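Notes for the one structure printed next.
The values are calculated or read from the model by the stated rules, or taken from the named source; none is laboratory data. Model, not experiment: these values are computed from the prediction. Glycine gets a Cβ as well: all are built from the backbone with ideal geometry, and neighbour counts include every protein chain shown. When the accessible area is computed, the model is the full protein with side chains, heavy atoms only, and any ligands, DNA or RNA have been set aside. Shrake-Rupley method; radii C 1.70, N 1.55, O 1.52, S 1.80 Å.
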Amino acid sequence: MTRISSRSLGLLLSLTALSCSSPPTPSDGGADAGVAPPMVCRTGEAWTADRPAFRRATADWDLSAVRGTRFATADIDNDGFADLVVQSGTTNVRTNPDATPPVIHTRVLMNRPKMGGGRQFVDTTRASNFLATRNGEYGRNTTITGFADVDNDGDVDAVTQVFVATDARAAMDPGDRGTVLLNDGMGRFALAGESAISPPHDDGFASQSSGLAFVDQNRDGNIDAFVSYYYDPSGGAEIGQQPTLFRGSGDGLFADVTDSVGLTLGDTMASFSMAQHRRPLYGATACDVNGDGMLDLIGMAYGRQWNELFVSQPDGHFVEQGRASGVGGDANQDFMGDQSYLCFCQANPARCPAGTAVPMYQCPIRGWREGYNDQPWRLNGNTFTIACGDVDNDGDMDLYTAEIAHPDTGPASDRSQLLRNDSTAAMTQFTRVDRATSGLVPGSSPGRDEGGISAVMFDFDRDGRLDIWYGASDYPGNFGWLFHQKTDGTFEQVSRAAGIYHACPVGIALADFDGDGDQDLIVGSSTARDCAQTWRMGNEVHLYENIAADVNSTSIRLVGRGAGGANRSGIGARIRVTAGGITQTREIQGSFGHFGLGQELVAHVGLGSACAIDRIEVRWPDATSSVETFANVRANYPLEIRQGEGYVRYLPRTP
């Protein structure tokens with residue numbers, strides 16, 4: 001059955017005029033019949049590429065003066081609207097609003113009603129206590145923020161990480177490291193106790209954190225955190241810092257369990273050849289790639305090394321399967337098209353095959369180390385983000401990689417690509433989909449750098465098929481490319497037509513900020529390299545409101561039982577929604593990818609012309625992967641499902 005939340009009753013009376021059916025009947029999800037709200041049908045036309053899908057609404061939301069490149073989003077104060085944390089990505093420097101001019105590197109922006117109608121972001125950074133330090137100072141440096149309910153009290157808390165620069169800026173290091181901030185439910189934070197994930201001030205370990213993803217690895221109902229890192233400053237040019245799994249105890253404290261769960265990798269040449277070595281990572285994603293109910297961990301490798309895929313095992317351990325699964329890199333390892341190799345051959349003809357091509361570029365280029373650059377572990381991609389979602393609606397999670405690839409490196413350098421999940425119960429396996437066949441070819445000119453940094457899967461036009469936003473940055477001719485999935489499963493690049501043709505994008509936040517049922521996108525702007533000529537006012541932050549189509553959809557927020565059940569944020573839950581003869585699958589994930597790209601802890605599902613949901617199935621991330629099902633659910637209402645209640649709560653709609 002379905003039952004309405006008590007706080008929605010008054011609102012629903014005003015919606016009766018919008019009903020397109022006779023009085024509803026209760027669903028069969030529980031023992032006691034409850035009251036279902038009126039059916040609401042959206043009858044707008046499906047979106048087509050001849051009209052805008054987004055409008056730039058930056059000024060409307062009071063973001064015109066905000067600068068930043070890293071974002072996190074969640075409903076911080078439990079008012080039903082996604083709020084925003086903006087970070088500059090600057091290392092080793094604290095925020096100091098009292099300086100002249102003010103130094104602002106982190107902002108907490110609350111989503112509030114705007115006088116006269118609409119919504120706006122209001123800066124509450126100081127009042128939120130978000131930048132407090134343990135010694136009473138203010139302005140703590142953060143470069144990554146993720147939100148999850150780590151203490152199981154019903155609101156989202158914040159976990160922050162820092163990329164500590166070890167170059168000439170090392171002397172400026174204020175000593176800020178990872179921090180856990182506990183929320184009071186109203187958007188004011190207090191520092192949790194010190195633990196492995198939040199070490200003491202200036203602990204001497206110069207962590208270069210690059211990604212943060214939440215899991216519940218042992219499925220005890222408490223949130224755990226997976227943190228990726230860049231190069232190991234003491235390990236040489238090939239070695240990355242060991243990615244770390246921190247196990248939460250449900251009170252804001254975390255213990256390092258990396259070794260005990262089998263995540264530890266090596267640093268010997270033998271481990272390199274076996275793809276079992278530590279790699280420099282530029283991001284982290286948690287996703288259940290084999291459908292067994294346990295989140296697997298993905299590390300995005302830089303320096304042309306294999307990506308890491310740690311597949312969860314029934315005994316609670318992980319096995320690294322990046323190379324074996326096809327996630328590590330593509331099969332092309334022909335380095336003879338690399339211009340640096342050709343320059344090497346030009347200088348050392350006796351050490352290269354006869355007839356080796358002449359370089360197309362002026363030598364030297366990047367340099368070539370024989371026995372190093374020609375090795376399999378060095379012939380993959382520069383992966384910044386891997387996004388996870390069920391692109392083909394077959395019930396498993398597919399992947400999309402965002403890669404930086406340079407034209408001089410030749411075809412062996414991996415390009416951004418869709419990976420179709422072909423896993424079985426016995427084997428985790430992905431097939432790389434040809435870019436030309438799929439239509440997933442970024443629009444930068446041939447011969448230019450491909451600068452993939454961010455990527456996210458979302459159904460922007462709510463037609464029941466996931467689309468892909470791909471942020472290509474930092475190089476001439478790079479933009480954010482929006483790929484719309486067509487009915488035949490191929491994609492068309494529609495950025496300019498859709499009104500979201502953003503140059504040099506870096507960092508995103510995806511959420512339904514205005515509460516109208518579709519997902520909006522916040523995009524940061526890079527000023528690196530030639531991008532500074534485009535964004536002369538700095539790292540501008542722009543909000544693109546979704547105006548694609550007035551069709552049907554649903555959004556689902558999960559609340560687990562906490563300790564002894566599923567974690568309160570529902571992270572790792574799998575949701576299957578059947579409507580209009582189609583079943584779509586979503587996972588609750590939170591932050592992912594390069595420096596923790598932001599997405600709210602809500603599952604959004606486009607339903608197209610279907611204004612009723614036949615069935616919702618929730619597989620909870622608890623010890624038994626328990627499943628609850630709900631039938632005859634109304635579309636076009638925000639839904640909340642609490643583990644074990646046996647019914648769906650309908651939350652207030654925004655007209």
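Across the chain, the mean sequence separation of Cα contacts (distance under 8 Å, 6 or more residues apart), normalised by length, yields a relative contact order of 17 percent.
Would you work out if the range 480-525 is rounded, prolate or oblate? Take a ≥ b ≥ c from the square roots of the eigenvalues of the alpha-carbon gyration tensor; rounded if a/c is under 1.5, else prolate when a/b is larger than b/c, oblate otherwise. Here the range 480-525 falls in the oblate category.
Shape call for the range 129-231 from the C-alpha gyration tensor, a ≥ b ≥ c root eigenvalues: rounded (a/c under 1.5), prolate (a/b greater than b/c) or oblate? Intermediate results must be reported in sequence, preceding the final value.
Values: a/c = 2.29, a/b = 1.38, b/c = 1.66.
Cα axes put the range 129-231 in the oblate bin.
Which distance in Å, rounded to a whole number, links the C-alpha centroids of the range 380-414 and the range 422-496? The two parts, judged by their Cα centres, are 9 Å apart. Per atom type, the range 116-231 shows carbon and sulfur on 52% of its accessible surface, probed at 1.4 Å.
For D259 and A623, calculate 0.36 nm times their separation in residues minus their Cα-Cα distance, and state this gained length in nm to one decimal. Don't skip to the answer; put the middle values down first.
On the way: separation 364, 0.36 × 364 = 131.04 nm, distance 2.19 nm.
Contour length minus Cα-Cα distance gives 128.9 nm.
For the range 531-590, the solvent-accessible area of protein heavy atoms averages 32 Å² per residue (probe radius 1.4 Å; ligands and nucleic acids excluded). Potential lengthening of the chain between D167 and D434 amounts to 92.1 nm, from the contour at 0.36 nm per residue minus the alpha-carbon distance. For the pair R369 and A563, label points projected 7 Å from Cα toward Cβ lie 4.9 nm apart.
For the chain, a simple Cβ point-charge model (Lys and Arg +1, Asp and Glu -1, everything else neutral) yields a dipole of about 1000 debye relative to the Cα centre.
Measuring only protein heavy atoms, the 1.4 Å probe finds I365 accessible over about 60 Å². Distance between the C-alpha centres of the range 156-199 and the range 284-344: 29 Å, rounded to the whole angstrom.
Whole-Hz Karplus values for the range 214-229 come out as 9, 9, 10, 4, 9, 6, 9, x, 10, 5, 10, 9, 10, 10, 9, 9 Hz, taken residue by residue from phi with 6.51 cos²θ - 1.76 cosθ + 1.60 and θ = phi - 60°; glycine and proline positions read x. Judged by the ratio a/c of the largest to the smallest principal axis of the C-alpha gyration tensor, the range 197-302 counts as oblate, that ratio being 1.5 or greater while a/b is no larger than b/c. What you get for the range 411-472, charging only the Cβ of Lys and Arg (+1) and of Asp and Glu (-1), is a dipole of about 100 debye around the Cα centre. E450 sits with roughly 20 Å² accessible to a 1.4 Å probe, with DNA, RNA and ligands left out of the calculation.
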